[in-house]
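*Asks:* Here it is, the structure, as structure tokens.
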Amino acid sequence: MTAPSIVFGPRLDEEPGQGAQTIAGYLREVVARYGPREAVVLRQGACRISWSYDDLMERAMAVARALVGCGTAKGERVGILMTNRPEFLSSLFGTALAGGVPVALSTFSTPSELDHLLGASQVSTLLFERQVLKKDFGAMLAEIDPAIVQGRPGSLASMHFPYLRRLVSLGDVPDREGQPAGEVSGAVETWERFLSRGAAIPPEVVLTRSEGVHPADTGGIFFSSGTTSLPKGIVHSQRAIAVQWWRWPRLFAMHEPVRSWTGNGFFWSGNVSMVVGAAFSTGGAVILQRLFDADEALDLIERERVTFLNGRPHQWARLQGSARWPGADLSSVRYVPRGELVRQHPSVATDWEVPMSYGCTETMTICTSFVADDPQGGFEGSFGAPLPGNVLKIVEPISRRVVPVGTVGEMCIKGPTLMSGYLGKAPEECFDEEGFFCTGDAGRVDAAGRFFWEGRMTEMIKTGGANVAPVEVDEVIARIPGVKRTQTVGVPDDLLGEMVVACIVPIDGAKLDEATVVARCKAEIASFKIPRRVLFFREEDYAVTGNEKVKSSEVRALAVARLAADTAEAVRPPLA
């Protein structure tokens with residue numbers, strides 16, 4: 001009889017490299033280890049801001065003391081609406097030190113999205129960056145709720161946001177160390193005035209509060225991307241966040257202080273987890289970039305001797321498209337997940353390969369993985385085995401019965417980094433009867449306990465009786481020089497049921513054609529997964545959200561319309 005598809009990872013308490021399992025405990029431990037070393041760097045024009053680990057603790061303590069001075073109680077939620085700047089990290093750790101819950105909010109938010117995020121998260125304090133590109137969040141907040149203009153600093157009384165009491169505005173990054181006051185109005189107060197509210201709070205009070213926080217307590221709230229619906233608030237425990245921070249160096253085989261960079265916001269769990277964990281757990285430094293810009297990124301990597309890059313394939317394509325690319329010195333780069341395009345640069349010399357892993361925001365990033373330097377690590381097509389503390393099962397999606405080993409079904413997971421739940425949802429709306437989160441992803445396990453991901457169950461392309469995961473095709477196409485963005489979709493077809501169609505946005509000036517894309521796919525994936533058609537679009541054709549994700553339904557509609565137009569053109573009779 002075939003064994004059931006249930007796989008247990010090792011015990012969490014046996015995992016090497018783990019430390020304190022609260023956010024504040026993690027900070028205190030890395031500061032004790034690495035105090036005077038450089039921890040945080042931000043370059044803004046000619047200005048270079050550098051914080052040591054001791055500086056980070058001091059700045060986080062200042063935020064924590066201010067929150068305590070403002071009356072913040074244990075478990076109160078503090079919204080952080082900022083780009084990647086030092087104050088994001090001091091606010092994250094400061095909130096945790098005070099016993100509060102940091103809530104990461106996207107700077108890509110539109111007024112309606114911000115309205116939803118504040119309402120759903122029920123934050124009592126909002127620490128926000130006043131101006132991000134053309135967005136004035138102070139004006140946006142006032143537009144959402146006029147009470148913000150009419151109130152007084154620190155005493156907001158809003159019927160629209162009944163839990164929100166305090167708004168703190170952070171101005172532009174200065175040309176020198178220190179923070180300018182910036183303009184405020186109504187209930188919004190300056191960063192300096194906010195910090196001054198903690199002047200009378202002894203540091204010992206904060207440290208005592210942090211010791212009263214337990215690994216099972218709420219540690220943070222992140223929101224899903226919201227490409228198909230309103231973003232969902234995902235609640236994580238203290239332990240979930242700390243466990244992942246500690247384990248990245250082991251999984252990635254990082255044996256030296258890591259200087260890590262990302263051009264993506266820390267309001268996404270993967271970035272704040274990988275970038276912070278890789279740097280701080282090794283005594284390295286986080287190299288901040290507030291907003292992704294290819295030229296600036298290349299300059300940062302070169303000047304700050306960055307070793308770990310965390311980005312997406314389309315961003316690597318933008319680096320290649322930069323005029324700075326040919327002459328850039330990227331010789332410091334060693335770790336680049338999905339970084340084939342970066343490794344094509346002549347100055348990059350690394351044989352590191354990202355260990356295949358699977359995860360999602362609900363598991364605070366990965367829950368299955370190989371280990372990068374494991375001599376037995378890696379297995380073609382597999383995403384590794386469950387990480388310590390995790391249990392994985394594969395079920396038939398309708399009956400919810402566990403399927404036999406080797407059978408494709410829905411992947412379900414539980415363990416120490418699984419979310420506590422969704423905001424506003426009962427446990428039974430988040431988990432099955434056994435406490436598993438059912439991911440909506442198709443997959444299988446083999447007899448060795450390795451997980452094989454087969455794509456999203458709802459987005460799987462069924463062509464000629466076979467299943468094709470769009471992401472698998474996109475991974476290949478994204479590595480082709482000149483590809484800026486790619487989205488593979490299934491288009492209705494009378495013969496095949498669905499036809500695999502690749503929709504590509506090239507880098508400006510790049511010369512790509514259908515034959516080149518098909519040839520690359522033929523070399524790397526099975527024949528039934530190769531796109532039958534390759535369509536090229538302009539950047540403005542794609543329905544792109546603020547986090548640079550694309551609604552597959554809208555891209556599919558674009559592909560259907562383009563193919564219909566091509567067919568009509570082909571059968572149109574010639575002019576007399």
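*Asks:* Taking the stretch 111-143, which residues are β-branched (Val, Ile, Thr) and within 26 Å of LYS425 (Cβ to Cβ)? Lay out the reasoning, then the answer.
*Replies:* To start, the set of residues in the stretch 111-143 that are β-branched (Val, Ile, Thr) comprises 123, 125, 132.
VAL123, THR125 - these are the residues of the stretch 111-143 that are β-branched (Val, Ile, Thr) and within 26 Å of LYS425 (Cβ to Cβ).
*Asks:* Please work out which residue is surrounded by the most Cβ atoms within 10 Å (Cβ to Cβ), limiting yourself to the stretch 79-96 and to residues that are among the aliphatic types (A, V, I, L, M) and either more than 24 Å from the chain's Cα centre (by Cα) or closer than 19 Å to GLU211 by Cβ (or both). Before you say what the answer is, go through the steps one by one.
*Replies:* Step one: filter the stretch 79-96 for residues among the aliphatic types (A, V, I, L, M), giving 80-82, 89, 92, 96.
The next check asks that each one be either more than 24 Å from the chain's Cα centre (by Cα) or closer than 19 Å to GLU211 by Cβ (or both); those that pass are 92, 96.
Working: LEU92: 25, ALA96: 30.
The residue in question is ALA96.
*Asks:* Among residues belonging to the stretch 361-410 that are free of Cβ contacts under 8 Å to residues at least 60 places away in the same chain and at positive phi, point out the one that is surrounded by the fewest Cβ atoms within 10 Å (Cβ to Cβ).
*Replies:* Checked the stretch 361-410; the qualifying residue surrounded by the fewest Cβ atoms within 10 Å (Cβ to Cβ) is GLY378.
*Asks:* Applying the selection to the stretch 395-409, what residues are touching an Asp or Glu at 6+ places or on another chain (Cβ under 7 Å) and closer than 22 Å to PHE370 by Cα?
*Replies:* VAL405, GLY406, VAL408, GLY409
*Asks:* Given the conditions (1) β-branched (Val, Ile, Thr); (2) more than 23 Å from the chain's Cα centre (by Cα); (3) under 18 Å from VAL205 (Cβ atoms), report the number of the one that ILE49 does not fulfil.
*Replies:* Of (1) β-branched (Val, Ile, Thr); (2) more than 23 Å from the chain's Cα centre (by Cα); (3) under 18 Å from VAL205 (Cβ atoms), only one is false for ILE49: (3).
*Asks:* Here is a further query. Which strands (runs of 3 or more DSSP E) does the stretch 414-525 wholly contain that include 3 or more residues that are in contact with a Phe, Trp or Tyr (Cβ under 8 Å, 6 or more places away or on another chain) and of a type outside the set (Val, Ile, Thr)?
*Replies:* Once the strands (runs of 3 or more DSSP E) in the stretch 414-525 are filtered for at least 3 residues that are in contact with a Phe, Trp or Tyr (Cβ under 8 Å, 6 or more places away or on another chain) and of a type outside the set (Val, Ile, Thr), what remains is 437-445, 451-456.
*Asks:* For the stretch 238-331, which fully contained strands (runs of 3 or more DSSP E) count at least 3 residues that are within 26 Å of GLY79 (Cβ to Cβ)?
*Replies:* Output list reads 259-262, 285-288.
*Asks:* Given the criterion in contact with a helix residue (DSSP H, G or I) (Cβ under 6 Å, 6 or more places away or on another chain), outside the structural domain of GLY283 (by TED's automatic domain parsing) and surrounded by fewer than 24 Cβ atoms within 10 Å (Cβ to Cβ), identify the matching residue among ALA62, ALA120.
*Replies:* That would be ALA62, the only listed residue that is in contact with a helix residue (DSSP H, G or I) (Cβ under 6 Å, 6 or more places away or on another chain), outside the structural domain of GLY283 (by TED's automatic domain parsing) and surrounded by fewer than 24 Cβ atoms within 10 Å (Cβ to Cβ).
*Asks:* Yes or no: the stretch 455-473 includes at least one residue that is at pLDDT 90 or above and either among the hydrophobic types (A, V, I, L, M, F, W, C) or under 30 Å from GLN18 (Cβ atoms) (or both).
*Replies:* Yes: one or more hits.
*Asks:* Restricting attention to the stretch 332-352, report how many residues are of a type in the set (A, V, I, L, M) and part of a loop (DSSP other than H, G, I, E, B). Reasoning before the result, please.
*Replies:* Taking the stretch 332-352 as the starting set, the residues that turn out to be of a type in the set (A, V, I, L, M) are 333, 336, 341-342, 348-349.
Now drop any that are not part of a loop (DSSP other than H, G, I, E, B), which leaves 333, 336, 348-349.
Looking only at that region, the number is 4.
*Asks:* Same structure again: Being surrounded by fewer than 17 Cβ atoms within 10 Å (Cβ to Cβ), among the β-branched types (Val, Ile, Thr) and at pLDDT below 90 is true for just one of VAL149, VAL184, VAL173. Which residue is that?
*Replies:* Answer to the check: VAL149.
The values are calculated or read from the model by the stated rules, or taken from the named source; none is laboratory data. These numbers were taken from a predicted model, which means no experiment stands behind them. Ideal geometry is used to build each Cβ from the backbone, glycine not excepted, and the neighbour counts take in all protein chains shown.
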